[in-house]
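A short write-up of the structure that comes next.
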Amino acid sequence: MNLLVATRNHGKLVEFEARLRGCPNLCFAQVGDPLRDYGIHLLSLSDFPNLPDISEEGNTFLENSLIKARAACGLTSLPTLADDSGLEVDALGGLPGIRSARFAPTAEERNVKLLDLLRDVPDDRRTARFVCALAFVRPDGFEWSTLGLCEGLITRTLSGAGGFGYDPLFLYPPLGLTFAEIPLEEKNRISHRGRALEAFERAVREEGILGQGSKP
């Protein structure tokens, strides 16, 4: 079966693929690979270049993830997984929040803007969290959602060459590393998106939410 991940963000898709392909008891294979086990093939919005952009007009991460999942499922008739993720900084009243991807025109500018806004904020008040709202919608109308969180601190300089977005500024205290310094496999285990995808994998395995044949 095909499972659509409603994103054109390559970095995000890499994280989805890495996390889901490692799920025990499930088989997430590249499109074109021989079917085996459940034969779950991941597609992204890049596989549907003629689809219109989906407007995210919700007031919360969860509302936006459901908007994307419902719209993409309706346009493709495929079971669809969508997330809306972002960074909440306590000293900024939760900003950039749902505007994380629109905080400034580019990732570099977003990071510079965030550092500038926090220039005079002491280290002990630079608390923040990454949030991932994950929604799954099937063509038969079934809907499922979850929320993944990861607490951390905003650094004063960028550090690390991995990840994407705000990762070089987000310090994960238990490891003493930014998300951009943590290997992808480890990041996928501890991150907000990794935790949300773990809940999805558990729901697939234990509740069969992908539909017929998805539960062992």
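The values are calculated or read from the model by the stated rules, or taken from the named source; none is laboratory data. All values derive from a computational prediction rather than experimental measurement. Heads up, the Cβs are rebuilt from the backbone with ideal geometry, glycines too, and the neighbour counts pull from every protein chain shown.
Kindly indicate whether residue 171 is in contact with a strand residue (DSSP E or B) (Cβ under 6 Å, 6 or more places away or on another chain) and in contact (Cβ under 8 Å) with a residue 60 or more places away in the chain.
Here the answer is no, as residue 171 does not meet what is asked.
Whether a residue is over 15 Å from the mean Cα position of the chain (by Cα) and surrounded by fewer than 22 Cβ atoms within 10 Å (Cβ to Cβ) was assessed, and residue 127 passes this test. Within the range 74-97, the set of residues being buried (at least 22 other Cβ atoms within 10 Å of the Cβ) and over 19 Å from residue 199 (Cβ atoms) comprises 87, 89.
Within the range 98-107, the residues that satisfy the criterion of being surrounded by 15 or more Cβ atoms within 10 Å (Cβ to Cβ) and either under 16 Å from the mean Cα position of the chain (by Cα) or assigned to a helix (DSSP H, G or I) (or both) are 98, 100, 101, 107. Quick check on the range 119-135. Is at least one of its residues acidic (Asp, Glu), in contact with a Ser or Thr (Cβ under 8 Å, 6 or more places away or on another chain) and modelled with pLDDT of 95 or more? Looking through the range 119-135, none of the residues is acidic (Asp, Glu), in contact with a Ser or Thr (Cβ under 8 Å, 6 or more places away or on another chain) and modelled with pLDDT of 95 or more.
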